[in-house]
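The values are calculated or read from the model by the stated rules, or taken from the named source; none is laboratory data. Computed from a predicted model, the values in this text were never measured in an experiment. Because the Cβ atoms are built from the backbone with ideal geometry, glycine has one as well, and the counts that use them run over all protein chains shown. With ligands, DNA and RNA removed, areas are computed over all heavy atoms of the protein, side chains included. Shrake-Rupley method; radii C 1.70, N 1.55, O 1.52, S 1.80 Å.
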Amino acid sequence: MSDTDPAAWAALLRVHAALVPLIDRELQAACRLPLTWYDVLLELNSAPERRLSMGELGQVAVVSRTRASRVVDQLEAAGLVSRESNPDDRRSAYASITEAGRQRLRDAAPVYLDAIRRHFTSRMTAAESRAVASALGKVLRTG
């Protein structure tokens, strides 16, 4: 293990701890949309047929599987997501983004993207940003 290994890990944790609450506050203030809701809506919107099983959502969303179910409950109550039973497996269900959910996602996207730019990518060069994305992508692909 090199001296930079723990430093890289610690930096990742500190950046995550600092920026996630900051971006969450900005999204909530501007759009009344928590970051967890934004993440789930984003994953559903980009999924085939704009829906995912609860298990799939738990794998791709940035929240835990248990938390994903609670977030879907909240989104469903807000009319941004609908839950459909799986005709092939009654024990599972699909979450689908509604048109209202797609509109809220579109409305919040500029705030989200601007926050990422201001608080994260503007602090590094384009080459550094590409290197971070590439390196973290490798970690995810091998994990």
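Please go through region 83-101 and pick out each residue that is open to solvent by 30 Å² or more (accessible area, probe 1.4 Å), assigned to a strand (DSSP E or B) and out of contact with any Asp or Glu (no Cβ under 9 Å at 6 or more places or on another chain). Answer for region 83-101, where residues must be open to solvent by 30 Å² or more (accessible area, probe 1.4 Å), assigned to a strand (DSSP E or B) and out of contact with any Asp or Glu (no Cβ under 9 Å at 6 or more places or on another chain): 84, 85, 89, 90, 91, 92. Within region 43-50, can one find any residue that is out of contact with any helix residue (DSSP H, G or I) (no Cβ under 7 Å at 6 or more places or on another chain) and within 24 Å of residue 123 (Cα to Cα)? No: zero hits. Considered as a group, the residues in region 48-82 that are farther than 24 Å from residue 28 by Cα and without any contact (Cβ under 8 Å) to a residue 40 or more places away in the chain include one that is surrounded by the most Cβ atoms within 10 Å (Cβ to Cβ), and that residue is 56. Inside region 102-143, can you point out the residues that are of a type in the set (A, V, I, L, M, F, W, C), without any contact (Cβ under 8 Å) to a residue 24 or more places away in the chain and outside any helix (DSSP H, G or I)? Result: 124, single match.
Kindly provide the set of residues from region 83-101 that are in contact (Cβ under 8 Å) with a residue 40 or more places away in the chain and farther than 15 Å from residue 33 by Cβ, ordered by number. Show your work before the answer.
Initially, region 83-101 is screened for residues in contact (Cβ under 8 Å) with a residue 40 or more places away in the chain, giving 93-97, 101.
Selection gives 93, 94, 95, 96.
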